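Just below is one structure, and these are the notes that go with it.
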Amino acid sequence: MYGPVCPGTVPILRSIAQGTAILRSPYFNKGSAFSEQERKDFGLSGLLPSTVDTLKEQTHRAYQQYQTRADDLAKNTFMESLKEQNQVLYYRVCVILEWSRSIFDNL
């Protein structure tokens, strides 16, 4: 459901999902990137770490975790788990992995 549209504004997606329902959805879960206001609006207070991280910070941390995996199976398992939890972050890490492969392929 979208909120009212005023001329010159962008429609806002409104969600009836609250709390853990949002965190269980890989489409809506932003992990620690939910702002303080979003945490209040969606009933997420106390369900997430108190620190608010940007998508860039989350991506950096996830990429570092990916690099610590010992073999391809462990890396694949990590990425599948990430995809099931947070699709935005998953695709962001995929872009970085693809970019880094293309850089090293051209050396």
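Observations, loosely collected:
- Local electrostatic count at LEU89 - Lys and Arg +1, Asp and Glu -1, tallied over other residues with Cβ under 10 Å: +4
- Taking other C-beta atoms within 10 angstrom as a stand-in for reagent exposure, LEU48, LEU97, LEU89, LEU73 fall in the order LEU73, LEU97, LEU48, LEU89, fewest first.
- Likely footprinting exposure, ARG101, ARG61, fewest C-beta neighbours within 10 Å first: ARG101, ARG61
- Sequentially through the range 56-62, phi angles give Karplus couplings (6.51, -1.76, 1.60; θ = phi - 60°) of 4, 5, 4, 4, 4, 5, 5 Hz, Gly and Pro residues having no value and appearing as x.
- With an a/c value of 1.5 or above and a/b not larger than b/c for the gyration tensor axes a ≥ b ≥ c computed over the alpha-carbon atoms, the range 54-107 is described as oblate.
- Summing charges over neighbours of THR51, with a neighbour being any other residue whose Cβ is under 12 Å away from its Cβ, gives -1 when K and R count +1 and D and E count -1.
- Length released on extending from THR20 to HIS60, taking residue separation times 0.36 nm less the Cα-Cα span: 11.9 nm
- Loop-resident sites, the range 34-107, for GluC sites (Glu not before Pro), counting at most 14 other Cβ within 10 Å (DSSP): none
- The range 18-107, relative contact order [Cα under 8 Å, separation at least 6], %: 33
Read-outs throughout are calculated quantities, based only on the coordinates presented, and are distinct from any laboratory measurement. Remember, it's a predicted structure, so these values are computed and weren't measured experimentally. Here the Cβ is made from the backbone with ideal geometry for all residues, glycine too, and neighbour counts use every protein chain on show.
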